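Here, each number is a calculation from the coordinates, and none is a lab measurement. Treat the numbers as computed from the prediction; the structure is a model and nothing was measured. Virtual Cβ from ideal backbone geometry, glycine too; neighbours counted across all protein chains shown.
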Amino acid sequence: MSYVRNWVHAVWGTKNRQPYLTEQIREVLFSHIKENAKQKGIYIDLINGYTDHVHCLIALNADKSISETMQLIKGESSRWANKNNILTGGLEWAVDYFAVSVSESQVEKVRQYINNQTEHHRKITFTEEYETFIKKYKFN
């Protein structure tokens, strides 16, 4: 058996950055995402977010790519949310997402960042946060 652990910090938003992920919706949705991922062999260490986006710390498996993992998480969660009428008007995720590797030494720091989303977004919007990520990781 091979032993692989590739930490990935993934971030994705709602379509058009619509702020409909209330605290109650996030609680139900994130619980479902984590449980469904587990059933698919995807280990989500931590998931949290704000009204218009999600942060997820994933230990990527050797047999799944980032794009496959993200499709399984995003696609299934929106289908499930819409089938179960979790929110009025339906849930649509933006097509794009942000994903970067995290070294083992930085995992706890990323956990703290993800856990602190409500406080963090009292000071900065998701758009500003996303633009900061793009510059920091030299995606532009």
- Query: Of 47, 58, 33, which residue is in contact with a helix residue (DSSP H, G or I) (Cβ under 6 Å, 6 or more places away or on another chain), assigned to a strand (DSSP E or B) and in contact (Cβ under 8 Å) with a residue 24 or more places away in the chain?
  - Reply: 47
- Task: Restricting attention to the stretch 76-113, report how many residues are among the polar types (S, T, N, Q) and either surrounded by 15 or more Cβ atoms within 10 Å (Cβ to Cβ) or closer than 18 Å to residue 22 by Cα (or both).
- Result: 6
- State all residues of the stretch 69-94 that are within 14 Å of the chain's Cα centre (by Cα) and either in a helix (DSSP H, G or I) or free of Cβ contacts under 8 Å to residues at least 24 places away in the same chain (or both); if no residue qualifies, say none. 69, 70, 71, 72, 73, 74, 75, 76, 77, 78
- Output the number of the condition that residue 127 fails; it satisfies all remaining conditions of (1) surrounded by 13 or more Cβ atoms within 10 Å (Cβ to Cβ); (2) touching a residue at least 12 places away in the same chain (Cβ under 8 Å); (3) part of a helix (DSSP H, G or I). (1)
- Considering each of 52, 45 in turn, give the residue that is surrounded by 15 or more Cβ atoms within 10 Å (Cβ to Cβ), farther than 15 Å from residue 74 by Cβ and either among the β-branched types (Val, Ile, Thr) or touching a strand residue (DSSP E or B) at 6+ places or on another chain (Cβ under 9 Å) (or both). 45
- Name every residue in the stretch 1-30 that is touching a helix residue (DSSP H, G or I) at 6+ places or on another chain (Cβ under 9 Å) and at positive phi, in order of residue number. 17
- Message: Return the residues of the stretch 55-75 that are touching a strand residue (DSSP E or B) at 6+ places or on another chain (Cβ under 6 Å) and either surrounded by fewer than 20 Cβ atoms within 10 Å (Cβ to Cβ) or closer than 16 Å to residue 93 by Cα (or both); say none if nothing qualifies.
- Response: 55, 56, 59, 66, 74
- Message: When you check residue 8 against the structure, is it surrounded by fewer than 20 Cβ atoms within 10 Å (Cβ to Cβ) and outside any helix (DSSP H, G or I), yes or no?
- Response: yes
- Query: Between a first residue in the stretch 105-119 that is closer than 18 Å to residue 130 by Cα and a second residue that is in a helix (DSSP H, G or I) and not basic (Lys, Arg), which pairs have beta carbons less than 6 Å apart while being 6 or more apart in sequence or on different chains?
  - Reply: none
